[in-house]
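Each remark here refers to the structure printed beneath this line.
Bear in mind these aren't lab numbers, they're just calculated from the coordinates by the rules spelled out. Because the structure is a prediction, the values reported are computed rather than measured. Please note: Cβ atoms are built from the backbone with ideal geometry, for glycine as well, and neighbour counts cover all protein chains shown.
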Amino acid sequence: MFLLMYMFLIIMLLISIAYLTLLERKILSYMQLRKGPNKVGFMALMQPFSDGIKLFFSEQVSLIYFNYFIYMISPMLMFMISLFIWCIYPYIFCMISFSYGFMFFLCCSSMAVYGLLLCGWSSNSNYSLLGSLRAIAQVISYEVGLVMIMICIMIFTFGFNFFNLMDYQFYMWFVFFSFPLFFCWLSSCLAEVNRAPFDFAEGESELVSGFNIEYGGGGFALIFLAEYGNIMLLSFLTVMIFLGCDLYSLLFYFKCIFISFWFIWVRATLPRFRYDKLMYMIWKMFLPLSLNYFIFFIGFIFFMVTGFYFINLG
């Protein structure tokens with residue numbers, strides 16, 4: 001039953017990624033006053049499958065100076081890690097219930113850095129290597145901020161299980177008393193998945209296409225799927241952590257769609273940052289703010305616990 005439920009989850013995730021790409025192309029087209037895809041199927045509903053088939057049947061480029069095995073395995077590694085993290089999805093039955101789901105997420109998301117590094121290094125291209133080095137510095141830096149924000153929230157749930165978020169947000173969402181942390185989290189999510197305005201790994205103006213410049217066909221499709229899978233995962237986690245974790249409500253999934261739409265909206269609106277501004281923002285702004293919140297939450301919980309203890313003692 002575990003294998004069946006996990007396969008069902010993966011199939012639904014892949015279909016969601018396909019239609020998220022279609023949603024992005026339609027939103028970007030309307031924001032730029034054009035039509036976008038509208039030919040393949042009714043309202044272009046078959047366009048993602050057409051593009052996927054075209055990519056996987058395209059010719060694979062064979063380079064002269066590259067490490068063949070690592071070059072071919074790196075997109076598969078990125079795609080597998082992005083699917084594997086979805087084990088943290090909190091099913092009630094027929095699935096693994098992680099008592100340490102938060103720690104599992106951190107371990108898997110840290111492994112995604114290796115896929116970026118190997119993609120850039122194995123291509124033996126200066127542009128690819130520079131793009132992957134940028135991405136690694138960016139992802140590692142912003143992962144520190146993400147961890148601190150998640151620890152601040154986990155202090156209130158007294159554990160690392162994502163199921164606790166559902167119980168503790170029954171009456172009030174966490175976003176109401178951690179509003180600055182919510183915006184830090186959203187910005188860190190953009191940097192974590194290399195999305196605009198923090199898409200320095202794919203800077204077309206200076207790096208042509210960044211770490212995936214030498215990839216085409218199936219390799220590019222797998223990198224593309226991994227990126228959009230991570231966008232959906234972070235949208236899911238954002239709603240779980242800050243916007244009420246009611247998994248049995250249809251509103252929960254509408255909120256996930258809205259956060260995914262927000263990723264696309266930001267891409268259509270904001271220009272790319274300067275790289276030094278990006279690194280300044282995490283180390284000089286987001287990290288001190290999350291550390292202050294961490295100290296404040298620990299003090300708040302300590303005084304609440306000691307206050308209840310002395311009230312009961314009296």
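Just F236, F176, F220 to compare: in a GNM of the chain, with alpha carbon springs under 10 Å, which one fluctuates most?
In this elastic network of the chain, the residue with the biggest mean-square fluctuation among F236, F176, F220 is F176.
Subtract the Cα-Cα distance of V40 and Y65 from 0.36 nm times their separation in residues, and report this length gain in nm to one decimal.
5.1 nm
Taking K and R as +1 and D and E as -1, what net charge do the other residues with C-beta under 12 Å from the C-beta of W283 add up to?
Cβ neighbours under 12 Å give a net charge of +1.
Find the lysine pairs in the chain meeting two conditions, Cα atoms under 20 Å apart and a separation of 8 or more places or different chains, and report how many there are.
The result is 5.
Roughly how large, in nm² to one decimal, is the mean projection of the convex hull of the alpha-carbon atoms in the stretch 206-314?
Answer in nm², one decimal: 11.5.
In deg cm²/dmol and to the nearest 500, what is the mean residue ellipticity at 222 nm of the chain if only DSSP H runs of at least 4 residues count, each as -39500 (n - 2.57), divided by the residue total?
-23000 deg cm²/dmol
For T269, put the label point 7 Å out on the Cα→Cβ axis and report which residues of the stretch 234-263 keep their amide N under 12 Å from it.
261-263
Expressed as an acute angle from 0 to 90° and rounded to the nearest 10, what is the orientation of the C-alpha long axis of helix 68-84 relative to the principal long axis of the chain?
Once rounded, the angle reads 40 degrees.
Rounded to the nearest 10 degrees, what's the angle between the helix 179-192 long axis and the longest principal axis of the chain, both from Cα atoms, 0 to 90?
Roughly 30 degrees, rounded to the nearest 10.
Name the residues of the stretch 165-192 whose amide N is less than 18 Å from a point 7 angstrom out from the Cα of L251 along the C-beta direction?
165-177
I'd like the Karplus ³J(HN,Hα) series for the stretch 102-108: coefficients 6.51, -1.76, 1.60, θ = phi - 60°, whole numbers in Hz, and an x wherever there's a Gly or Pro.
So the J values, rounded to whole Hz, are 4, 5, 5, 4, 5, 4, 5.
Under the Kirkwood approximation for Rh and a Cα-based Rg, what ratio Rg/Rh is obtained for the stretch 35-183?
1.07
At 7 Å along the Cα-to-beta-carbon direction for both F258 and F56, put a label point, then send me their distance in nm to one decimal.
Once both label points are built, they end up 3.5 nm from each other.
Rounded to whole Å and sorted largest first, list the principal axis extents of the Cα atoms in the chain.
Reported extents, whole Å, longest axis first: 78, 43, 42.
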